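The structure under discussion appears below in the form of structure tokens.
The values are calculated or read from the model by the stated rules, or taken from the named source; none is laboratory data. In this text the structure is predicted, and so the values were computed from the model without any measurement. Here the Cβ is made from the backbone with ideal geometry for all residues, glycine too, and neighbour counts use every protein chain on show.
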Amino acid sequence: MLTALALSIGILIALWVKVGSMASLLVPAGIVAWACFFAAGGKIQGLQKTIAATLSGVVWVWLAMTLIGMMGMGSWGWVIIGVVAFILVFQSRVPALSFIPGAFCGAAVTAWAAPTDPKGYLMVAVALIAGAVLGYVSEMGAGMLAKKA
């Protein structure tokens, strides 16, 4: 099964790097979400938790950056980021948002990408969703390959 998974991921990640780059998607964000899918336990539940948690990170960073910019709070940005970190953990009380590492990964890749407009945040979200879905597809593909072997 491990060999089948390695083969499935190797093929799909090569395609993701090629197609994601051509589509101007944030390839690293997709890879982070892919890893989150497996860290969340895989299967449909891992897919759901990864998408919900990583997208929550995007939303909270977007809100934080908007607040910092609108209110001229650049020198207090560190406090707002601390509040966001608190929220990322606290929201885990909601079952769909219970994958705390996914929330932090979503927030981190969003901050790393530093989008300057809503389209940029959307592009991060699309890459995160694509990566989680590719994780699910790679797991399914590995299962099919392992059965044939």
Give just the number: which of (1) assigned to a helix (DSSP H, G or I); (2) within 26 Å of MET22 (Cα to Cα) does PHE86 not satisfy? (2)
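From the list VAL27, VAL17, VAL32, VAL84, which one is free of Cβ contacts under 8 Å to residues at least 60 places away in the same chain, out of contact with any strand residue (DSSP E or B) (no Cβ under 8 Å at 6 or more places or on another chain), of a type in the set (Val, Ile, Thr) and under 12 Å from GLY131 (Cα atoms)? Let's see the steps before the verdict.
Numbers: VAL27 fails: free of Cβ contacts under 8 Å to residues at least 60 places away in the same chain; VAL32 fails: free of Cβ contacts under 8 Å to residues at least 60 places away in the same chain; VAL84 fails: under 12 Å from GLY131 (Cα atoms).
Going through VAL27, VAL17, VAL32, VAL84 in turn, the sole match is VAL17.
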Index of the failed condition, THR110 passing every other in (1) over 14 Å from LEU134 (Cα atoms); (2) over 11 Å from the mean Cα position of the chain (by Cα): (2)
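Kindly establish whether ALA40 is touching a Lys or Arg at 6+ places or on another chain (Cβ under 6 Å) and either surrounded by 19 or more Cβ atoms within 10 Å (Cβ to Cβ) or under 27 Å from THR3 (Cβ atoms) (or both). Full working, then the answer.
Values: touching a Lys or Arg at 6+ places or on another chain (Cβ under 6 Å): yes; either surrounded by 19 or more Cβ atoms within 10 Å (Cβ to Cβ) or under 27 Å from THR3 (Cβ atoms) (or both): yes.
Against the criterion (touching a Lys or Arg at 6+ places or on another chain (Cβ under 6 Å) and either surrounded by 19 or more Cβ atoms within 10 Å (Cβ to Cβ) or under 27 Å from THR3 (Cβ atoms) (or both)), ALA40 qualifies.
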Out of (1) touching a Cys at 6+ places or on another chain (Cβ under 8 Å); (2) surrounded by fewer than 23 Cβ atoms within 10 Å (Cβ to Cβ), the odd one out for ILE9 is which? (1)
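For region 95-147, how many residues meet the condition of being assigned to a helix (DSSP H, G or I), of a type in the set (Asp, Glu) and over 14 Å from LEU47 (Cβ atoms)?
The first filter runs over region 95-147 and keeps only residues assigned to a helix (DSSP H, G or I), leaving 95-97, 100-113, 118-147.
From the residues that got through so far, the ones that are of a type in the set (Asp, Glu) too are 139.
With over 14 Å from LEU47 (Cβ atoms) added as a condition, the list becomes none.
Within region 95-147, residues that are assigned to a helix (DSSP H, G or I), of a type in the set (Asp, Glu) and over 14 Å from LEU47 (Cβ atoms) number 0.
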Quick check on this structure: which one of ALA53, ALA40 is under 12 Å from the mean Cα position of the chain (by Cα), farther than 20 Å from MET123 by Cβ and at pLDDT 95 or above? ALA40
If ILE80 meets every condition in (1) among the aliphatic types (A, V, I, L, M); (2) surrounded by 12 or more Cβ atoms within 10 Å (Cβ to Cβ); (3) modelled with pLDDT of 95 or more apart from one, which number is that one? (3)
